[in-house]
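First the structure, in the form of structure tokens, and then the observations on it.
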Amino acid sequence: MRPADNHVSSVSSRSPGISGLVLLLLFMLLALPCSVQCVASAGVALCPANEEAVAAMRAADNVSVSYTRGICYSFVNTANSVTIPFTPGIPYSFVNTGGDNITLGMVILPELGVAPEAYAVYARQIALYGYYAVIVENATVEHVVCAMMQLLHVEYWTLLGHGNNGGVVAARLAVTLQPKVKGLILLAAALPGDLDTQALNLLLIVIYGGKDTLVTPELITKSFSHMAGDTSTLLFPNLGHFDFVHSKCKGNDLHPSCNRQGGLTSNDAVCIAQYLLYSLYYSQWEVASAKALSYGDNEKLTPGHNDSKSYPSDIHVKFTEFPIPGTSPQRVWWIFTPSQIRGGLIYYPGAAVDGRAYFPLAFEIAARGHMVVIVQLPLRNAGINFADANVVLNSNISAFSVVPEDRWAIGGHSLGGLGASLYAGAYGNQVYAAVFHAGGWLINLTQSELPVLQMYGTLDDIFSGGYERYRYLYVDPPPKGFGPFVNLNTTEFIPIVGANHYQNSFQQQCSCSWPCASMD
């Protein structure tokens, strides 16, 4: 049963900017006015929503639901009564208006034959966490672009496409509409063979089932070769093609089943929802600056050239990009090797940050005698992939054999530092020290004898609580902190005066305070 139609003709007065003009130009080229094309035409779905999805359509928890003819449903969180405009042509839109401004949203493109309501559980979760969500009735370019055009106040979008229908359209639009589209989630879908995302700064998540016979795991993994190394892949071994949605269909059968045993579990659904939320929260992936990338040029690392890098000593540095064995999509290590080696540092980048942004920092450390290995991580998330340092330490690659076995350290920036703390807690005997740059502790290390250095800037305002939160949050017990997590006998805290949160990386954009300290 559909909620009442909601038609509000006004739209945000905010300027659409370049990305909005791109969408407008696309409409002009397609000659498909929203008022004409956004008309419902899906017909009766072969795979209807199940009871859980129907329940997600009901108004509850400050979320009201409205239907807009032609595109889909609108879910609005009315907690703080912030007005979000709705216009015809966008069927099911899920919105949380609990914040002053919603700038991130997700468009969900259904698989052919699946009722759009079957995706309501995911969309509702997105709205509850403060993002805009739209489920288009038909997975077509016209419907998706129309939805985005009607909501120009949404600055960036992530597209989620299910199966051969929704996944293919989502992938093509994500590549075409960058940077307006920041993220792409392929749900039981392969990346089309003529597309390649390796050179794109696009957050990409691939979620697929081991029992899918419509878009087989073999077909999906084959497409990994066209994806960037920081793509995240998530395999559910026991799920079929239609198990990923809350519908009455089971496995790979596009017909309602009386026996709904097995399939998507509550834990599966929570896991998928967490990935969807992460894709929105971290969708604005930071890009390494040209200056940072210049440190990956060995000609510039060779003394004697006009544009050679300055060295603090007679130790010289060589850069290598090395493929990480056994990874697909193919990930890499970025290695800075000094001519004289005293030790090694395995370094985890911050959340959503291009690992190459740390090239200047890695060079400076290497130029003082420590090999630096920056790890390219799936989803750019060291919290999930904190054990990746073991691949370095346990490898028989000759490039790492020059570092004494007992002289490896672990480190990272921000979420990378938190991941390093998890590694220190689980594998502290593998390293001789840990270094956190604006990081912290996700595990109790009060009994650990591992030396830890925590460095943070006095202008770090990425979170509330002042820069000293990098100390008291982990040292003090509740209510001030959530410690103690720190062995004060082996831990040193060093505030860097005038530095902000991103001071140790070189990125093209940064939303934090302007630093007073030099990036050097």
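Nothing in this text is a laboratory measurement; each read-out follows from the coordinates by a stated rule. The structure displayed is predicted, hence computed values, not measured ones. In this analysis, Cβ positions are derived from the backbone assuming ideal geometry, glycine residues included, and neighbour counts consider all displayed protein chains.
A few remarks follow.
- Potential extension, residue 340-residue 310 segment - 0.36 nm per residue separation minus Cα distance: 9.1 nm
- Candidate lysines - alpha carbon under 29 Å from residue 318, same-chain residues fewer than 8 apart omitted: 291, 300, 309
- Less than 5 angstrom separates the built amide H of residue 238 from those of 210, all sequence-distant by 5 or more or on a different chain.
- Using the Cβ-Cβ distance between residue 449 and residue 267 with R0 = 41 Å, the FRET efficiency computed as 1/(1 + (r/R0)^6) comes to roughly 0.65.
- The slack between residue 52 and residue 221, meaning 0.36 nm per residue of separation minus the straight C-alpha distance, is 57.7 nm.
- The alpha carbons of segment 114-186 occupy a box of 29, 28, 19 Å along the principal axes, longest dimension given first.
- Area projected by the alpha carbon convex hull of segment 198-279, averaged over all directions, nm²: 5.7 nm²
- Calculated P(r) tail over 17 Å for segment 274-379, as whole % of Cα pairs: 56 percent
- Averaging 1/r over every pair of different alpha carbons in segment 140-245 and inverting the result gives a Kirkwood radius of 13.9 Å.
- Gap separating the Cα centres of segment 112-135 and segment 361-388, nearest whole Å: 36 Å
- Among 443-455, 121-133, the order from most to least packed when residues are scored by Cβ within 10 Å on average: 121-133, 443-455
- Debye-sum result for segment 321-421 in log10 I(q)/I(0), which assumes one identical scatterer on each alpha carbon, at q = 0.12 Å⁻¹: -0.33
- Sorted peptide list for 136-146, 378-388, 316-326, criterion being average Cβ within 10 angstrom, highest first: 136-146, 378-388, 316-326
- Using the Karplus relation 6.51 cos²θ - 1.76 cosθ + 1.60 with θ = phi - 60°, the per-residue 3J(HN,Hα) values for segment 180-196 come to 4, 8, 9, x, 9, 10, 9, 9, 6, 9, 9, 5, x, x, 8, 9, 9 Hz, with x marking Gly and Pro.
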